[in-house]
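Everything below concerns the one structure shown next.
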Amino acid sequence: MNAYDVADIKKLRKALGLSQRELAKLSGLSQSYIAKVEKGYIDPSYSKVKKIFKALEEVRSSNVKVAAEIMTRDLKYVKLGSRVLDAIKMMQSYSISQVPVLTEDGKVVGMISESNLVQHMLKGKDIKKIQEGKVEEFMDPPYPIVDESTPINLIMSILTFYNAVLVSHQGKVIGIITRSDILKG
């Protein structure tokens with residue numbers, strides 16, 4: 001928080017579920033001092049306001065969920081060159097609707113999804129030809145990849161445009177988040 005408005009302290013404290021005593025402990029000030037500031041009885045120094053807002057920000061940021069907390073870690077995928085039928089069988093056996101397509105060295109190059117395959121069928125492609133085809137012939141571009149520390153609110157925004165988001169750690173894809181993962185919390 002860059003602009004400190006003393007009038008916001010009480011509102012922010014309550015929104016975070018903190019008591020005056022808890023905020024006092026976190027900020028290194030007394031509970032009576034916090035009460036006087038919130039009631040407007042005293043005009044606190046900039047350094048004390050900064051301590052209060054720093055404590056509030058630390059609590060707020062510790063309450064924010066990140067990708068690593070809700071992602072599905074057991075990432076199912078198919079290798080480039082696999083048959084579409086193998087991807088379909090995998091999706092059916094794990095009750096999932098999409099799988100990433102990876103190269104031998106683990107780079108994500110696309111996605112195969114139920115909706116993508118249905119679109120090909122609607123365009124007149126024969127289901128048998130689709131099933132026997134290679135995943136690279138029918139895959140969509142890869143879904144966005146976010147770092148495991150990405151806040152959930154940002155991921156929710158991305159999921160308004162995509163069916164899933166892949167999650168990475170040090171450049172390696174380690175999980176996936178779908179809309180249902182967000183709803184599970």
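The trypsin sites (Lys or Arg not before Pro) of region 56-102 that meet both conditions, a loop assignment by DSSP and at most 16 other Cβ atoms within 10 Å of the site Cβ, are LYS65, ARG73, LYS76. Of all stretches in the chain that contain no GluC sites (Glu not before Pro) in a DSSP loop with at most 15 other Cβ atoms within 10 Å, the longest one is 1-103. Sequentially through region 133-139, phi angles give Karplus couplings (6.51, -1.76, 1.60; θ = phi - 60°) of x, 8, 4, 5, 6, 10, 6 Hz, Gly and Pro residues having no value and appearing as x.
Distance distribution note for the chain: the fraction of Cα pairs above 21 angstrom is 61%.
Its relative contact order, with pairs defined as Cα atoms under 8 Å and 6+ residues apart, puts region 125-185 at 27 percent. Across region 34-50, computed HN-Hα scalar couplings (Karplus, 6.51 cos²θ - 1.76 cosθ + 1.60, θ = phi - 60°) run 4, 4, 5, 5, 4, 7, x, 6, 10, 9, x, 6, 4, 5, 6, 4, 4 Hz from first to last residue, x flagging Gly and Pro. For the set LYS134/LYS184; LYS129/LYS172; LYS11/LYS36, the pairs lying more than 23 angstrom apart at their alpha carbons are LYS134/LYS184; LYS129/LYS172. Across LEU26, LEU102, LEU85, mean-square fluctuation computed from a Gaussian network of the chain (C-alpha pairs under 10 Å connected) peaks at LEU26.
Taking amide hydrogens as placed 1.01 Å from N in the peptide plane, the amide H of GLY110 sits under 5 Å from those of VAL101, each at least 5 positions away in sequence or on another chain.
Ratio of Rg to Rh for region 6-62: 0.91 [Cα atoms; Kirkwood radius as inverse mean 1/r over pairs].
Spin-label model, LYS65/ASP8: points 7 Å from Cα along the beta carbon direction are separated by 2.5 nm. Rounded to whole numbers, the Karplus 3J(HN,Hα) couplings from phi for region 154-170 are 5, 5, 4, 4, 5, 5, 6, 10, 10, 6, 7, 10, 8, 10, 10, 9, 6 Hz, using 6.51 cos²θ - 1.76 cosθ + 1.60 with θ = phi - 60°, and x at Gly and Pro.
Just so you know, all these numbers are worked out from the coordinates, no wet-lab data involved. What you see is a predicted model, and the numbers here were worked out from it, not measured in a lab. When we count neighbours, we look across all protein chains shown, and the Cβ atoms used for this are built from the backbone with ideal geometry, even at glycine.
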